[in-house]
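> Structure provided below as structure tokens; questions to follow.
The values are calculated or read from the model by the stated rules, or taken from the named source; none is laboratory data. Source: prediction; values computed, not measured. Cβ placement follows ideal geometry from the backbone for every residue including glycine, while neighbour counts extend to all protein chains displayed.
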Amino acid sequence: MKNINKIIVVPDSFKGGITSQRFCEISATAIGNIYPDAQVITIPIADGGEGTVDAFISALGGEKISAIVKDPCFEDMESFYGMLPDKTAVIEMAACAGLPLAKGRENPLITTTYGVGQLIGLATEKGCTGIILAMGGSATNDAGCGMASALGVRFYDEQGTEFIPSGGTLCKIKTIDTRGLKLVVPVTAMCDIDNPLFGQHGAAYVFAPQKGADESTVVLLDVGLSHFANIVKHQLHIDVDELAGGGAAGGLGAGAVCFLNADLKMGIDVVLDTADFDSLLSGTDLIITGEGKIDTQSLRGKAVIGVAKRAKVKHVPVIAVVGDIGDDIEKAYELGISGIFSINRVAIPRENAKLRSESDLSLTIENILRFVKSL
């Protein structure tokens, strides 16, 4: 009989299905049914999009603070940010510049990250000692210039008129004045893509169509992003032309580097570092992780593989419990995954399977642990 004293549950969400927090709750109950005396540590993973603040607070404690800021269409809205116990602020850009907030008004030529800058400013005034900027689910394409404007950066056009650049007016920037920028705390930006700022693989061409851009708009947005890169290169002496992740959140990745001196890091690494995951591995007998589908994209460093790589160093076995298992994922075993199990117990359409996903998850974890206990 295999003795299990400590298990870490650290899943990503099943998109459109089980949230990472709910995965943790279900798993903890299932583990308790098989190993009632085991210590269970739960760390819900946030991918940088909607729900990131809640995931951090659920895992680490802290508070959610409400604030009135500008939405992506520059109208007042009630938003929020998180403050963790160590005074790290978690800013979820989707909370004020996310695509759902522009529903029916999608237009990356005019949407703005101004509210993101306001949240950063409010968190700084509240006394935060560091900032985690979650860059997922954006409605914007302004290279973070709206954010920078809210924090005191001034942008001027050819005539010397100050304005707040948006995706459609980036090409009008002539001068950038950063003397009014007051931010002094370190910033870590969660970034799970490596797309550059501009070009065929950049923010406009890859992501702007889902934000409401047609072909001609994509070209205009890309020209603006390229112009922005040229301006900051010559005036701020910062080269973001080939910056991996610079195209995240409509160029907010590049803007965060230029204006916040941010460190762009994979989202899973930000979460695990903040939760002090490496220290938690001491004495751990088993890790349960998961996501909606494990596929070749997962192998590029998303949640499941990020967890596995760290666990492998400490020789802790990792079980991945997922919805679907894609082809050509055998490399996952080399990267630290001990076994991959699907919760799909019955061959039925996906929409029907979603209705029973929570019970299937619970039963799958119980079945795995029954087997482990029998060894």
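> Which residues, taken from region 186-223, are of a type in the set (Gly, Ala, Ser), in a helix (DSSP H, G or I) and touching a residue at least 60 places away in the same chain (Cβ under 8 Å)? I'd like the intermediate steps shown before the answer.
In the first step, residues of region 186-223 are kept if they are of a type in the set (Gly, Ala, Ser); the result is 189, 199, 202-204, 208, 212-213, 216.
The next check asks that each one be in a helix (DSSP H, G or I); those that pass are 203-204, 208, 216.
Scanning region 186-223 gives 203, 204, 208.
> Ok, one more. Of the residues 137, 167, 127, 144, which single one is assigned by TED's automatic domain parsing to the domain that holds residue 80, in contact with a strand residue (DSSP E or B) (Cβ under 8 Å, 6 or more places away or on another chain) and of a type outside the set (Lys, Arg)?
137
> Among 62, 32, which is on the phi > 0 side of the Ramachandran plot and at pLDDT 95 or above?
Of the residues listed, the single one that is on the phi > 0 side of the Ramachandran plot and at pLDDT 95 or above is 62.
> Hey, another quick one. Could you grab me the full set of residues in region 309-338 that are touching a helix residue (DSSP H, G or I) at 6+ places or on another chain (Cβ under 7 Å) and of a type in the set (A, V, I, L, M)?
Matches in region 309-338: 318, 319, 320, 321, 329, 332, 335, 337.
> I'm trying to understand the selection: among the residues of region 31-54, which are in contact (Cβ under 8 Å) with a residue 40 or more places away in the chain and part of a helix (DSSP H, G or I)?
Result: 31, 33, 34, 52, 53.
> Count, please, the residues in region 145-185 that happen to be in contact with a Gly (Cβ under 7 Å, 6 or more places away or on another chain) and part of a helix (DSSP H, G or I).
The qualifying residues number 8.
> Give me a count of the residues in region 1-31 that are over 21 Å from the mean Cα position of the chain (by Cα), crowded, with 19+ Cβ neighbours inside 10 Å and of a type in the set (S, T, N, Q).
1
> Count, please, the residues in region 278-301 that happen to be hydrophobic (A, V, I, L, M, F, W, C) and modelled with pLDDT under 95.
Qualifying residue count for the region: 2.
> Would you check if residue 121 is within 22 Å of residue 264 (Cα to Cα), assigned to a helix (DSSP H, G or I) and assigned by TED's automatic domain parsing to the domain that holds residue 259?
Yes: the conditions hold for residue 121.
> Out of the strands (runs of 3 or more DSSP E) lying entirely within region 235-349, which hold 3 or more residues that are crowded, with 23+ Cβ neighbours inside 10 Å? Walk me through how you get there before you give the answer.
On the way: elements: 263-265, 286-289, 318-322, 339-342.
Ranges flagged: 286-289, 318-322.
> Now for a separate question. Do the conditions hold for residue 65, that is, is it over 24 Å from residue 351 (Cα atoms), among the β-branched types (Val, Ile, Thr), in contact (Cβ under 8 Å) with a residue 24 or more places away in the chain and not assigned by TED's automatic domain parsing to the domain that holds residue 250?
Considered against the rule, which asks whether it is over 24 Å from residue 351 (Cα atoms), among the β-branched types (Val, Ile, Thr), in contact (Cβ under 8 Å) with a residue 24 or more places away in the chain and not assigned by TED's automatic domain parsing to the domain that holds residue 250, residue 65 comes out as no.
> Could you tell me which residue of region 330-375 is nearest to residue 319 (Cα to Cα), considering only residues that are among the small types (Gly, Ala, Ser) and out of contact with any strand residue (DSSP E or B) (no Cβ under 8 Å at 6 or more places or on another chain)?
So the residue we want is 362.
> Out of 71, 86, which single residue is surrounded by 15 or more Cβ atoms within 10 Å (Cβ to Cβ) and either farther than 9 Å from residue 139 by Cα or among the hydrophobic types (A, V, I, L, M, F, W, C) (or both)? Don't jump to the end; show me each part of the working.
Details: 86 fails: surrounded by 15 or more Cβ atoms within 10 Å (Cβ to Cβ).
Of the residues listed, the single one that is surrounded by 15 or more Cβ atoms within 10 Å (Cβ to Cβ) and either farther than 9 Å from residue 139 by Cα or among the hydrophobic types (A, V, I, L, M, F, W, C) (or both) is 71.
> Moving on to the next point. Please list, ordered by first then second residue, the pairs with beta carbon atoms under 6 Å, 6 or more apart or interchain, first in region 299-311 and without any contact (Cβ under 8 Å) to a residue 60 or more places away in the chain, second surrounded by fewer than 24 Cβ atoms within 10 Å (Cβ to Cβ) and among the basic types (Lys, Arg).
As it stands, the answer is 299/331, since those pairs meet every condition given.
> Follow-up. Would you check which residues across region 144-180 are under 20 Å from residue 204 (Cα atoms), surrounded by fewer than 23 Cβ atoms within 10 Å (Cβ to Cβ) and hydroxyl-bearing (Ser, Thr, Tyr) and list them? First the steps, then the outcome.
Initially, region 144-180 is screened for residues under 20 Å from residue 204 (Cα atoms), giving 144-148, 164-173.
Applying the additional criterion that residues be surrounded by fewer than 23 Cβ atoms within 10 Å (Cβ to Cβ) yields 164, 168-169, 171-173.
Answer for region 144-180, where residues must be under 20 Å from residue 204 (Cα atoms), surrounded by fewer than 23 Cβ atoms within 10 Å (Cβ to Cβ) and hydroxyl-bearing (Ser, Thr, Tyr): just 169.
> Modelled with pLDDT of 95 or more, of a type in the set (A, V, I, L, M, F, W, C), more than 12 Å from residue 108 (Cα to Cα) and assigned by TED's automatic domain parsing to the domain that holds residue 187: which single residue out of 244, 256 fits that description?
Of 244, 256, the one residue that is modelled with pLDDT of 95 or more, of a type in the set (A, V, I, L, M, F, W, C), more than 12 Å from residue 108 (Cα to Cα) and assigned by TED's automatic domain parsing to the domain that holds residue 187 is 256.
> Determine whether region 351-371 contains at least one residue that is hydrophobic (A, V, I, L, M, F, W, C), buried (at least 18 other Cβ atoms within 10 Å of the Cβ) and over 30 Å from residue 61 (Cβ atoms).
Yes, that holds for at least one residue.
> Considering (1) farther than 30 Å from residue 40 by Cα; (2) charged (D, E, K, R); (3) in contact with a Cys (Cβ under 7 Å, 6 or more places away or on another chain), say which one residue 263 fails and leave the rest.
(3)
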